[in-house]
1. About the Cα centre, and with charges only on the beta carbon of Lys, Arg (+1) and Asp, Glu (-1), how big is the dipole of the chain? Nearest 20 debye, please.
2. The list (1) -0.81; (2) -0.52; (3) -0.70 gives values of log10 I(q)/I(0) by the Debye sum over Cα atoms at q = 0.11 Å⁻¹, and only one came from this structure; which label was calculated from it?
3. To the nearest whole percent, what portion of all C-alpha pairs in segment 42-84 is separated by more than 18 angstrom?
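What follows draws every value from the coordinates through simple rules; no lab data is involved. Just so you know, these numbers come straight off a predicted model, no measurement behind them. Neighbour counts are summed over all protein chains in view; Cβ atoms, including those assigned to glycine, are modelled from backbone coordinates with ideal geometry.
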Amino acid sequence: MIAAAKAYGWQALALLLAALLAWQSLARLGAERDAALARAELAGEREASATAARQASEKYRKLEDKNRDDLHNIETRAQQELARSAADADVARAAAGRLRGDLAGYITAQARAAAGQCTADTGALDLLAELQRRADERAGELARVADDARGRGGACERA
């Protein structure tokens, strides 16, 4: 009977070990399945992250291009405004030159008209013409500086 009990004991132990082995195998298969799911989820997250990074990069690249184009347009407009200001200043200088010429002609005409009479004193008119010429030149310089500063300041504000 002891021999039969030993045989049953060994059989029970073998069944217990077989059950433990089956349980371990199932646990291992479950762990492998969980690991495969985790790897698949990680790969999906990496792909989503890479896609989001590409989209953000493209968005910022387009924004940078737009900003660069806007700055280029602002610079072009500022250069055009400065060129217009310079052209206006040239027109004003030409008009001032004509006025000075007209004044010189007037002084000459007055001197000729007075030639028959006593000697004409044109010193005051000469002084007035010189003062007017200097004032025009200085006003032109100040206008150029102001136009330049206004044009550059406006471009800076827009940029």
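1. For this selection, approximately 740 debye.
2. Read-out from the structure maps to (1).
3. Above the 18 Å cut-off, segment 42-84 has 55 percent of its Cα pairs.
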